[in-house]
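**Student:** Before we start, here is the structure in question, set down as structure tokens.
The values are calculated or read from the model by the stated rules, or taken from the named source; none is laboratory data. Because the structure is predicted, anything quoted here is derived from the model rather than measured. Calculation scope for accessible area: heavy atoms of the full protein, side chains included, ligands and nucleic acids excluded. Shrake-Rupley method; radii C 1.70, N 1.55, O 1.52, S 1.80 Å.
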Amino acid sequence: MISENIRPLRRRVVVTGVGAVTPVGLTFDATWEAFLAGRSGVAEISTFDASDLPTSIAGQIKDFDATEHMPRTIARRMDSYAQYAMAAATQAQQMSKMDIDEGNADRIGVLIGSGYGAVNSIDGFSVAIREKGPRAISPYAPITGAIDSAAGEISMAFGARGPSRAISSACATGTDALGEAARWIQFGLTDAVIVGGADNCVTRVDLAGSGNARALSRRVDDPQAASRPFDEDRDGFVMSAGAGVLVLEEAELAERRGATILAEVLGYGCSSDAYHWTAPQPEGLGAKRAMRSALADAGVEPGRVDHVNAHGTSTKLNDASEVASLREVLGTRATEIPICSIKSMTGHMIGAAGAVEAITAVQTIRTGIVPPTINCHRPLADDMNFVPNEPQQHQVGVAMSNSFGFGGHNAVVVLGAWEG
């Protein structure tokens, strides 16, 4: 959390563009439409044989054509996670109408996080060198296989010459990226940042590992009902792919150029459990610390929070811990406001999750509509509003978006309606 004497000196940060590629839509508009319809993107895995794995369901990206967003020559050298990030970034930049030219290129940064990185490319390179030898490996392999490849490709494609880098904090990646990018702008390192998260870890290795850890749902007989956050019958999360990207700008500069301001980034908090690789700290100490830090950073009292876009993974331990933590941090407000998990529809997009969830919170602020938590038929807390199965109308001035990842990474952002 930023110290009190520094906070008044910070510049304000606003969102002027968003984009997404998810299992339920290839744009954020399509994704939002699916959310309001309560439509799941979870299905049987179609790109490889998963019959011998602990689970055979996932949230895959369907009907995606990378060449709609970039030249074929560039698409060929990119891992699929980076292609999704490029598509989402293109959508966000087009929505923002932010021109990048010689006058501002040095002041525009790129920060794209990923929990797993270019795992599909790395797997392909391993197979190629084993079966065909060294000459089969592209000279782009060290670039394509790197976790910063999405950030580098976007920087070059858009001509953004400010800082360009990757960040990785497992399932908290997208939220951490957003918070860190906001810091760049608040303290004058940049005037704008193209920021988000992307992953495509629907692979045999990742499904086998997470499945053997008993973290994944095995409800293979009914894939669309498998991801069920905050439901008593939940049995694990669903691995998914996707990307979410936002354009952040310094508020005065955005206003000066006539940008449409979607929301304001009010606060950011992060912490580590320092406890266990896959289980949350039993008392939720790290999660509570991150939430309190984000609220303090925003200067927002718990009673002003109107909505929480929860981490809500659909695992036994995480959902129960998040509910208990929300009760303690928000007090009676936790039972007065809608708390939803869009992972019920997308599955868990890992590094992309926090970014897409923050974008969804922005849209909730703009529309006054909270998307549902589908498959929530037996809520684990009867006195809390998990927005079960149908969207709800609710005026939202302040929203909190939570992300808690393997390794004990915790990240929270607080977003607010733009008031000028």
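**Student:** Enter the accessible area per residue of the range 200-285 (Å², integer; probe 1.4 Å; all protein chains in place).
**Tutor:** I get 41 Å² per residue for this part.
**Student:** Would you mind checking which residues have amide H under 5 Å from A263's amide H? H placed 1.01 Å from N; only 5 or more apart, or other chain.
**Tutor:** Hits under the 5 Å cutoff: V15.
**Student:** Find the eigenvalues of the gyration tensor of the Cα atoms of the range 108-182, then list the square roots of 5 times those eigenvalues as equivalent ellipsoid semi-axes, largest first, in whole angstrom.
**Tutor:** Equivalent ellipsoid semi-axes, largest first: 28, 16, 6 Å.
**Student:** Given that compact globular proteins tend to follow 2.2 N^0.38 Å, what is the ratio of the alpha-carbon Rg of the range 102-235 to that value? Before the final figure, lay out the partial values.
**Tutor:** Values: Rg = 18.8 Å, N = 134, 2.2 N^0.38 = 14.1 Å.
With N residues counted in the range 102-235, Rg over 2.2 N^0.38 Å equals 1.33.
**Student:** May I pose another question? Under the rule of at least 5 residues apart or a separate chain, name every residue whose amide H is placed under 5 Å from the amide H of Q392.
**Tutor:** Excluding prolines and chain starts, which carry no amide H, the hits are V370.
**Student:** OK, next. Considering every Cα-Cα pair within the range 205-268, what fraction, in whole percent, is farther apart than 13 Å?
**Tutor:** 74
**Student:** May I pose another question? Roughly how many percent of the accessible protein surface of the range 230-342 is carbon and sulfur, given a 1.4 Å probe and a whole-percent answer? List each step's numbers first, then the result.
**Tutor:** Details: 2020 of 3980 Å².
Roughly 51 percent of what the probe reaches on the range 230-342 is carbon or sulfur.
**Student:** Can you quote the Å³ per residue value for the convex hull of the Cα atoms in the range 325-371, rounded to an integer?
**Tutor:** 92
**Student:** On the Cα set of the chain, report Rg and Dmax in Å, please.
**Tutor:** When restricted to the Cα atoms of the chain, Rg and Dmax are 20.0, 64 Å.
**Student:** While we're looking at this one, here's another question. Leaving out ligands, DNA and RNA but keeping every protein chain, what accessible area does Y268 have, in Å² rounded to the nearest 10, with a 1.4 Å probe?
**Tutor:** Accessible area of Y268: about 10 Å².
**Student:** Here's another thing I want to ask about it. With viscosity set to 0.890 mPa s and temperature to 25 °C, compute the Stokes-Einstein D of the range 287-420, Rh being the Kirkwood radius across alpha carbon pairs; µm²/s, no decimals.
**Tutor:** Here the translational diffusion coefficient equals 168 µm²/s.
**Student:** Determine which lysines satisfy two conditions relative to K316: a Cα distance under 24 Å, and not lying fewer than 8 residues away in the same chain.
**Tutor:** Straight-line reach from K316, under 24 Å: K288, K343.
**Student:** Shifting gears a bit: For M86, tell me the accessible area in Å² from a 1.4 Å probe, rounded to the nearest 10.
**Tutor:** M86 exposes around 10 Å² with every protein chain in place.
**Student:** May I ask you to give the solvent-accessible area per residue for the range 65-180, in square angstrom, as obtained with a 1.4 angstrom probe?
**Tutor:** Spelled out: the 1.4 Å probe surface of the range 65-180, per residue, equals 47 Å².
**Student:** Next question, about the same structure. Per the Kirkwood treatment, what hydrodynamic radius in Å, one decimal, follows for the range 41-183 from the mean inverse distance over all distinct Cα pairs?
**Tutor:** On the way: mean 1/r = 0.0593 Å⁻¹.
Over the range 41-183, the inverse of the mean reciprocal pair distance is 16.8 Å.
**Student:** Please list 3J(HN,Hα) in residue order for the range 238-246, calculated via the Karplus relation 6.51 cos²θ - 1.76 cosθ + 1.60 where θ = phi - 60°; whole Hz, with x for glycine and proline.
**Tutor:** Couplings: 10, 5, 9, 10, x, 7, x, 9, 10 Hz.
**Student:** Please turn the phi angles of the range 157-173 into ³J(HN,Hα) values with the Karplus equation 6.51 cos²θ - 1.76 cosθ + 1.60 (θ = phi - 60°), one per residue in order, whole Hz, x for glycine and proline.
**Tutor:** Once θ is set to phi - 60°, the couplings for the range 157-173 become 5, 9, x, 7, 9, x, x, 9, 7, 10, 9, 9, 9, 6, 6, 8, 4 Hz.
**Student:** Would you mind calculating the relative contact order of the chain from Cα pairs under 8 angstrom and at least 6 residues apart, reporting the percent as a whole number?
**Tutor:** Reported as a whole number, the value is 23 percent.
**Student:** Work out from phi, with θ = phi - 60° and the Karplus expression 6.51 cos²θ - 1.76 cosθ + 1.60, the ³J(HN,Hα) of each residue of the range 319-324, listed in order in whole Hz, and give x for Gly and Pro.
**Tutor:** 5, 5, 5, 5, 4, 4
**Student:** Ignoring ligands, DNA and RNA, how do T73, T175 rank by accessible area with a 1.4 Å probe, largest first?
**Tutor:** Heavy-atom accessible area, descending, gives T73, T175.
**Student:** Rounded to the nearest Å, what's the spacing between the alpha carbon centres of the range 229-296 and the range 119-193? Just the number, please.
**Tutor:** Distance between centres, Cα-based: 20 Å.
**Student:** Also: Quick one: if you take sqrt(5λ) for each eigenvalue of the C-alpha gyration tensor of the range 248-337, what semi-axes come out, biggest first, whole angstrom?
**Tutor:** After diagonalising the Cα gyration tensor, the semi-axes are 30, 16, 12 Å.
**Student:** Still on this structure: Could you order I74, I359 so the one with the most accessible surface comes first? Probe is 1.4 Å.
**Tutor:** Greatest to least solvent exposure: I74, I359.
**Student:** Please calculate the 1.4 Å probe accessible area of E180, with all protein chains present, and give it to the nearest 10 Å².
**Tutor:** Its accessible surface works out to 70 Å², give or take rounding.
**Student:** Sort W418, W32, W277 from largest to smallest accessible area, using a 1.4 Å probe on the heavy atoms of the protein chains.
**Tutor:** W277, W418, W32
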